[in-house]
Structure formats: structure tokens, C-alpha cells
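What follows is calculated from the coordinates using simple rules that are stated; it is not laboratory data. These numbers come from a predicted model, not from an experiment. Backbone-built Cβ (ideal geometry, glycine too); neighbour counts: all protein chains shown.
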Amino acid sequence: MKSATDEIRQWEEAIAQRVHATMAAAEMDRYFNVKMTTSRARIALLQLSLFVSCRRDCWANLIANCDAPEIRRRLMEHEYDELVEDEYSSKGHYDLLVRQGALIGLTGDDFAKVQPLRTSMATFYGWKWIAREGAWQDGLIAMMATEWVNDDRRLMDQGGGLSRRDGSRWIRDFGYKWEEMPNFATHAVADEKHGDLFVPLLSKYVRDQKSALKAADDALELFKLYHFGVAEQMERTD
């Protein structure tokens, strides 16, 4: 019989392997290999604002569907940090995006009016379906996997997680400093805490590992699709 520690390690390894492969995929290579210009950065940051809004909807769906109070409390803790306040922002994390957007000439009105690329739209509908219509356990693993893409600890051999690599590109191509990029700087570290919130409870509440990991695989495929679409749009822009 496996110990609780062994089960936790098994979960971590299964999710981490998928995240590692996703961040090394051709779609992500294409995305990170686009040289940044102001116009391209605006595309990326505005689509990211929709990405972030979609994530809030997904986590809200999990809170609504989850029937385990212990998990629900942690889901609400996660969303309090994102929507209300934490050590990184007194106005929630969306404010970090708007503040960073000012660096490249974006206004609050730009964020309010942005429309999703078709690949972004497909990603968002897919994620919301996973989080709303399936078992909440499957949705939780899917959302965890797509959050671990920001966890430097699991991705340092690739240059770090998504926000770390995005920030490094802005430093390289624009000359900005980390303290000037509040969204990237925060999410290069904050999602480590969020990534750890649920791991100790997985063996207790998630019994169908095959189904849950299939949901994670699907969510990560959509993550790649989203970045493929953003890369494609940036490549069309000077």
C-alpha cells in the first residue's frame, strides 16, 4: 500500500512531467522566439488580460462545483489573492496587468475593449467547459497544471516558467527592469504558493487519476493553442 507521501510524489511527478513537456513544445518555442516590439507586446499583454479573466471564471466554477469544504476553502484563498489583495497588490492581480500595460502605452480603455483572437476564444471556451461541466476533481487538476507553467522551480532548465521567460524577453528586447513589470515579476513567484495549495489533499479527494490527468492534458493542449495564436498574430505585426 502506498503511503500518503508516495501518493503526493506520484501526483507531483505526473503533473510536472506534463507541464515540462508543454513548455518545451514547438508552439511555445515559436511564441518565445518572437522578438518583442511595442506593437507585439501590446497584442500579447491584451490577450493575456483575457486569459487572466478566463482563469477567474474557471476557478469560480470550481468553487461552485466543489463539494469538499477543505478544498473549497483553499480555492477561495487562491481567488482572494487574485481578486482582492495579497502581498503583491492591494487591488488584485488584474491591476498588475494594467499597470504594466502603461509601460507600452496601453490604457484601461484598451483593456476594456480588447477582443480575443479566435485561438484565444477556443482556449477560453475549452477551459471553462472543463472547469464547469466535468468532475470538479478533473477541473482542479486541469487548472493546477495550467498554473504550474508559471512555477520556476519545475522549469529552471528551460529558463523558468512562463512569466519568468516573458519578463526576460522584455528585459532583453526593451531594456526594462523587473520592478517596472509588476505582472511578470509577481507571477514569476506568486504561482509557486498557489501551485502548492492543493497538492497535499490530492490523494484524499482525487480518486480517478486517469480522468483527472486526461483533463490536465486537454487543458495544456489548449494552453499551447493559445500561445500559438498569440505568436502567429505577433509575427504578422511589426
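Results, tabulated for the structure shown:
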{"read-out": "Which listed pairs, of Lys113/Lys214; Lys113/Lys177; Lys128/Lys204; Lys128/Lys214, have C-alpha distances above 23 Å, in listed order", "value": "Lys113/Lys214; Lys113/Lys177; Lys128/Lys204"}
{"read-out": "Val52 paired with Asp196, simple spin-label distance in nm, labels 7 Å along Cα-to-beta-carbon", "value": "2.4"}
{"read-out": "Average projection area in nm² (convex hull over Cα atoms of the range 180-238, one quarter of hull surface)", "value": "5.9"}
{"read-out": "Added length on full extension, which subtracts the Cα-Cα distance from 0.36 nm per residue, Asp109 to Ala24", "value": "27.1 nm"}
{"read-out": "Hydrodynamic radius by Kirkwood, which averages 1/r over all alpha carbon pairs of the range 1-46, in angstrom", "value": "13.4"}
{"read-out": "Local net charge near Asn61, Cβ-Cβ under 13 Å (Lys/Arg +1, Asp/Glu -1)", "value": "+1"}
{"read-out": "Whole-percent pair-distance distribution, where bins are 5 Å wide, for the alpha carbons of the chain", "value": "1, 6, 14, 19, 21, 18, 11, 6, 3, 1, 0, 0"}
{"read-out": "Three principal axis lengths of the range 100-238 [C-alpha, angstrom, descending]", "value": "47, 31, 27"}
{"read-out": "Label-to-label distance, nm, for residues given as Glu7 and Lys210 (7 Å Cα→Cβ offset)", "value": "1.8"}
{"read-out": "Using distinct alpha-carbon pairs, which all enter the 1/r mean, Kirkwood radius of the range 24-150 in Å", "value": "16.0"}
